[in-house]
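What follows draws every value from the coordinates through simple rules; no lab data is involved. None of these values were measured; they are calculated from a predicted model. Here the Cβ positions follow ideal geometry from the backbone for every residue, glycine too, while neighbour counts run over all protein chains shown.
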Amino acid sequence: MGERVAPEPGERFGLEQELVQLVRALSSVSTQLGHDFAGRHQLREPDMRALMLIYAADLEGDPLSTTQLAHALGLTSAGGTYLVDRLVASGHVRREPHPTDRRKILLRYAEPGLAVAQAFFGPLFRANQEALARHDEGALRIAVEVLSDLISAMDGYRATLRDS
């Protein structure tokens, strides 16, 4: 890789603005895909958000309880229970006893729900892999760092909104 030349101040501003616009566009198309999935499977917007949170927590090895999910979605405890009941009835989520605290119930993606999600999102996963294949590991590391920094900035801003 060649030596990088620092962009002019005006050029940097333009690049930053373009990057932020691309992140917005990525967020927008991602949200629309979520709406498309939800519409095809008779899910409400909070259901879709819940499924994303449950899936992410499960992937990280730290599954959510109904109370944690309700809190993350800004719902009451009763609202969280009602939402989880719908997701369980639809086959997307299952309840599982906590391995060490028998008072707690954890939420996991159910096999039927996972199969439905994989059928819908699998082609997107493959398209993303193809799109990223032309970039080397160094470029991908930089992209991960930049996106991580932007997410941290957004999370930090959200925290200030909660505090005000």
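Does region 116-164 come out rounded, prolate or oblate, given a ≥ b ≥ c as the square roots of the eigenvalues of its C-alpha gyration tensor, rounded meaning a/c under 1.5 and, failing that, prolate meaning a/b above b/c?
Working: a/c = 6.01, a/b = 1.53, b/c = 3.93.
It is oblate, given that a/c is not under 1.5 and a/b is not larger than b/c.
Just to verify a number: FRET efficiency for His135 and Arg103, C-beta to C-beta distance, R0 = 45 Å, to 0.05?
Details: r = 47 Å, r/R0 = 1.05.
After rounding to 0.05, the efficiency reads 0.45.
Rounded to the nearest 500, what is the chain's calculated 222 nm mean residue ellipticity when only DSSP H runs of at least 4 contribute -39500 (n - 2.57) each, over all residues? The partial results should precede the final answer.
Numbers: 6 runs with 117 residues, N = 164.
So the helix-based figure for the chain works out to -24500 deg cm²/dmol.
With the Cα gyration tensor of region 39-164 giving a ≥ b ≥ c as the square roots of its eigenvalues, does the rule (a/c under 1.5 for rounded; else a/b larger than b/c for prolate; else oblate) give rounded, prolate or oblate? Mind showing how you got there, number by number?
Details: a/c = 1.94, a/b = 1.33, b/c = 1.46.
Verdict is oblate for region 39-164.
According to a simple spin-label model (label point 7 Å from Cα along Cα-to-Cβ), what is the distance in nm between Thr31 and Asp155?
Result: 2.0 nm between the two label points.
How much length is gained if the chain between Leu147 and Arg95 is pulled fully straight, taking 0.36 nm per residue apart and subtracting their Cα-Cα distance, in nm to one decimal?
Working: separation 52, 0.36 × 52 = 18.72 nm, distance 3.30 nm.
Between Leu147 and Arg95, full extension yields an extra 15.4 nm.
Using the Cα centre as the reference, give the magnitude of the dipole from point charges on the C-beta atoms of the chain (Lys, Arg: +1; Asp, Glu: -1; all else neutral), rounded to the nearest 20 debye. Please list the in-between numbers first.
On the way: 18 positive and 22 negative charges, 172 e Å.
I would put it at about 820 debye.
In what sequence, highest mean first, do 14-22, 60-68 appear when ranked by Cβ atoms within 10 angstrom?
Numbers: 14-22: 10.9, 60-68: 15.2.
Going from most to least packed, we get 60-68, 14-22.
Net charge near Val93, counting Lys/Arg +1 and Asp/Glu -1 over other residues with Cβ under 12 Å of its Cβ? Intermediate values should be presented prior to the final figure.
Values: positive: Arg86, Arg94, Arg95, Arg108; negative: Asp47, Asp58, Asp85, Glu96, Glu111.
Net charge around Val93: -1.
Evaluate E = 1/(1 + (r/R0)^6) for Glu111 and Ser77, where r is the Cβ-Cβ distance and R0 equals 35 Å; express this FRET efficiency to the nearest 0.05.
For R0 = 35 Å, the calculated efficiency reads 0.80.
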